[in-house]
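Quick notes on the structure that follows.
Here, each number is a calculation from the coordinates, and none is a lab measurement. What you see is a predicted model, and the numbers here were worked out from it, not measured in a lab. Every residue, glycine as well, gets a Cβ built from its backbone with ideal geometry; the counts of neighbours run over all protein chains shown.
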Amino acid sequence: MNLPTIYQIRVKDHIDDEWAEWFAPLQIANGSNGEATFTGPVRDQAELHGLINKVFNLNLTLLAVNRIIDPSE
């Protein structure tokens, strides 16, 4: 059984609680630099593509997508 990979998706601007529900179960952190970071498990490339489509559909500016190799680091 493959475990989901942890990803971080960073976007420009903060995300409010209403939009945060669209990205569950990812955790959202609004940074002091005006950016938001979504972090959490992604099962496969299709799910990752769906998350990136949500970013596009909400007209957010995608800044980065990073796979987290070891979440404990």
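If I build a Gaussian network model for the chain, linking alpha-carbon pairs within less than 10 angstrom, which residue out of Phe38, Phe56, Phe23 has the largest mean-square fluctuation?
For the chain, modelled as a Gaussian network with Cα springs under 10 Å, the answer is Phe56.
To the nearest 500 deg cm²/dmol, what mean residue ellipticity at 222 nm is calculated for the chain from DSSP H runs of n ≥ 4 alone, each contributing -39,500 (n - 2.57), summed and divided by the residues?
After summing the helix terms and dividing by the residues of the chain, the value is -6500 deg cm²/dmol.
Hey, what angle do you get for helix 45-57 against the long axis of the chain, alpha-carbon based, 0 to 90 degrees rounded to 10?
That helix lies at roughly 0 degrees to the long axis.
Quick check on the exposure proxy: order Lys12, Lys54 from fewest to most C-beta atoms within 10 angstrom.
Exposure proxy ranking, most exposed first: Lys12, Lys54.
Ignoring solvent entirely, what values of log10 I(q)/I(0) come out of the Debye formula for the chain at 0.11 Å⁻¹ when each Cα is a single scatterer?
With one equal scatterer per Cα and no solvent, log10 I(q)/I(0) is -0.25.
Contact order normalised by length for the chain, with contacts defined as Cα pairs under 8 Å and 6 or more residues apart; what percent is it?
Numbers: 109 pairs, mean separation 33.3, N = 73.
This gives 46 percent for the chain.
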